[in-house]
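Structure, as structure tokens:
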Amino acid sequence: MRTYNQEDALVLFSGGQDSTTCLYWAKQQFRQVHTLCFTYGQRHSQEVENARRIAAMTATPFRVLDASIISRLAPNSLTDRTMTMDEKQPKGSYPNTFVPGRNLLFLTFAATLAYAEGIRHLVTGVSQADYSGYPDCRDTFIRSANATLNLAMDQQFVIHTPLMWRNKKEVWQLADELGVFDFIRHETLTCYNGIKADGCGHCPACLLRRRGLKAYLAERGH
Ligand code: ZN
């Protein structure tokens, strides 16, 4: 696999299982890794504080950007406390945890920062294999966004998606291969209810994470 150990990368970072695994993946690939974390009115500010903490623990430059304008445009249950979070995808529509435009906006902001800092590589933890039905986690969208950002800024950005074809079990496996299985398990926050590590156990993010962990532990044998 090609490595870019003479170049820097910017990781879109939330302090969750996926983006933290991406952070460690990027640390193996690039000279210097930077992180960018977005606030957009998530229900739990613990997410940002946990991301900041992990960045500090891993000695990674960390920046937070306010993207809360997106929550003012379209209702979604990640930011609207009056909405009950869909635990399953309703037939024929997206779950109300879907924030329309989010990944496109985040990639645009990330590329803008990367442009200003002379960084060519962007890393995001989206996955098509286990995605919660979100269209902006698909490979075809990422390729299209990459082409659009390159045209928009006359740059040669490369968007890396190390988790694109991995289901949650395989994301745990990657963490293990990177030697950070325990770190990812105990320090990351994926839960929509803002609880670190094993989380609340019943929100959609916890269910997905737990199912993957169980499957991986069964395969690993302990
Ligand atoms: Zn949870």
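The values are calculated or read from the model by the stated rules, or taken from the named source; none is laboratory data. Nothing here was measured: the structure is a model prediction, and the numbers come from that model. FYI the Cβ positions are ideal-geometry reconstructions off the backbone, even for glycines, and counts take in every protein chain you see. The protein model used for the area step is the full one, side chains on, heavy atoms only, and it has no ligands, DNA or RNA in it. Shrake-Rupley method; radii C 1.70, N 1.55, O 1.52, S 1.80 Å.
The table below lists the values:
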read-out	value
Cα-Cα separations in region 140-192 greater than 16 Å, expressed as whole percent	58
Euclidean distance between Cα centres, region 196-222 to region 1-74, Å	22
Tail beyond 17 Å, pair distance distribution of region 163-222 (Cα, percent)	34
For region 1-77, average projected area of the Cα convex hull in nm²	5.8
Rg/Rh (Cα only; Kirkwood hydrodynamic radius) as it applies to region 83-214	0.99
Distance in nm between pseudo-label sites at E177 and Y94 (7 Å out along the Cβ direction from Cα)	2.9
Accessible area per residue, Å², region 108-222 with all protein chains present, probe 1.4 Å	47
Region 109-161 - convex hull of the alpha-carbon atoms, volume per residue in Å³	71
Whether region 97-139 is rounded, prolate or oblate, judged on the alpha carbon gyration tensor where a/c under 1.5 counts as rounded	oblate
Quarter of Cα convex hull surface for the chain, i.e. mean projection, nm²	12.1
Surface per residue (accessible, 1.4 Å probe) for region 7-71, Å²	37
Given charges at beta-carbon only (K, R positive; D, E negative), |dipole| of the chain in Debye	340
Protein accessible area in region 89-222, 1.4 Å probe - carbon and sulfur %	52
Potential extension, I69-Q32 segment - 0.36 nm per residue separation minus Cα distance	10.3 nm
